[in-house]
Amino acid sequence: MPELTFVLVNAAREENIGASARALKTMGITNLKLVTPLTNHLGEKARATAHASHDILENAEVYSTLQEAIQHADLVIGSTAKKRNVSDTYHPVEELSQIILDKGNTISQVAMVFGGEESGLSNKQLSQCHLFSTIPMVNNYPSLNLAQSVMVYATYLSKITLSWKKKTNHSPGVSELPVVREKAMQILQDVELHPDNLIYSRIMERLMLFNKDDINLFHSFCKYYLKKYHGRLK
């Protein structure tokens, strides 16, 4: 199954980190990464709220930048409480597990990214994510805090761990999606469609929603294109 990693950026309260660890372990998710935490994730308050999930805290990896934390992820999903750009698509949390499952073994690592308690992810940090997601709420204020948001996402994404646990045999992931993404970027560059163009960002966003069959089909097209115009065999 694709490996799920939850990434907390600028987490400021020990209690939220500890409660997040507890939520992850409860839902069968073991990977936690912290980017420039503003508090001690191994502190007394963090351990108290983690409650029997100390292994998640102790094994959490700490990074100085988001880019370092997500560099090996095939699919990066950023969470946000509000829309930053009207042209972007924000996927409700309940849709994510199916989006991931539809990719089959074309991905091996998924990163779910959360911002700090005060202001969430910055626009620059969101730009490093492939997809955006939000939790639909009746009232935007008071909003869910960090640990509550992690619990909601972990609950919905546990469908992935449960779905794959039922399968006794499955082929290992070959991470085709990032390869297809790189080839799509080459094609867009060839037609002089640059990253600052709105069409470019929309194409790349839709690409990340492809299911396994779509990815394989587009991958085949890319092979023909790159062989003809770049002499590439892979």
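Helix 198-207 and the longest principal axis of the C-alpha atoms of the chain enclose an angle of approximately 80°. Computed extension gain for residue 94 through residue 45, at 0.36 nm per residue and net of the alpha carbon distance, reaches 14.6 nm. Among 176, 182, the ranking by other beta carbons within 10 Å of each residue's beta carbon, starting with the fewest, stands as 182, 176.
Here the sum of -39500 (n - 2.57) over DSSP H runs of 4 or more residues, divided by the residues of the chain, equals -13500 deg cm²/dmol at 222 nm, to the nearest 500.
Across the chain, C-alpha contacts under 8 Å between residues 6 or more apart give a mean separation that, scaled by the residue count, equals a relative contact order of 24 percent. Expressed in Å, the radius of gyration and Dmax of the Cα atoms of region 54-104 are 14.4, 41. For region 20-101, the set of trypsin sites (Lys or Arg not before Pro) satisfying both a DSSP loop assignment and a count of at most 11 other C-beta atoms within 10 Å is given as 82. In a fully extended conformation the segment linking residue 216 and residue 101 would gain 39.9 nm over its present Cα-Cα distance, using 0.36 nm per residue. Summary value for region 11-112: 27 percent relative contact order, contacts being C-alpha pairs under 8 angstrom separated by 6+ residues. Cβ crowding within 10 Å, taken as a proxy for footprinting-reagent exposure, orders 185, 27 from fewest neighbours to most as 185, 27. Exposure proxy for 49, 161: other Cβ atoms within 10 Å of each Cβ, ordered fewest to most, give 161, 49. Modelled this way, with points 7 Å down the Cα-to-C-beta line, the labels at residue 227 and residue 189 are 2.2 nm from one another.
Taking the Cα atoms only, what angle lies between the long axis of helix 14-26 and the longest principal axis of the chain, rounded to 10 degrees? Tilt relative to the chain: about 60 degrees.
Between residue 52 and residue 12, the FRET efficiency estimated from the beta carbon spacing at R0 = 22 angstrom works out to 0.40.
Across all Cα pairs in the chain, the calculated P(r) in 10 Å bins from zero up to the longest distance comes to 7, 31, 34, 19, 7, 1, 0 percent per bin. So if the hydrodynamic radius of region 176-230 is defined as the Kirkwood radius over C-alpha pairs, what does Stokes-Einstein give as its diffusion coefficient at 37 °C and 0.692 mPa s, in µm² per second? D, rounded to a whole number, is 287 µm²/s.
So what's the angle, to the nearest 10 degrees on a 0 to 90 scale, between helix 176-190 and the longest Cα principal axis of the chain? Helix 176-190 and the main axis of the chain meet at about 50 degrees. With the convex hull constructed from alpha-carbon coordinates only, region 42-160 shows a mean projected area of 8.6 nm² over all directions.
Note on region 1-95: Kirkwood hydrodynamic radius from all Cα pairs is 14.2 Å, rounded to one decimal.
No lab work stands behind these numbers, since they all come straight from the coordinates. Keep in mind that what you see is a predicted model, and the values were worked out from it rather than measured. Because the Cβ atoms are built from the backbone with ideal geometry, glycine has one as well, and the counts that use them run over all protein chains shown.
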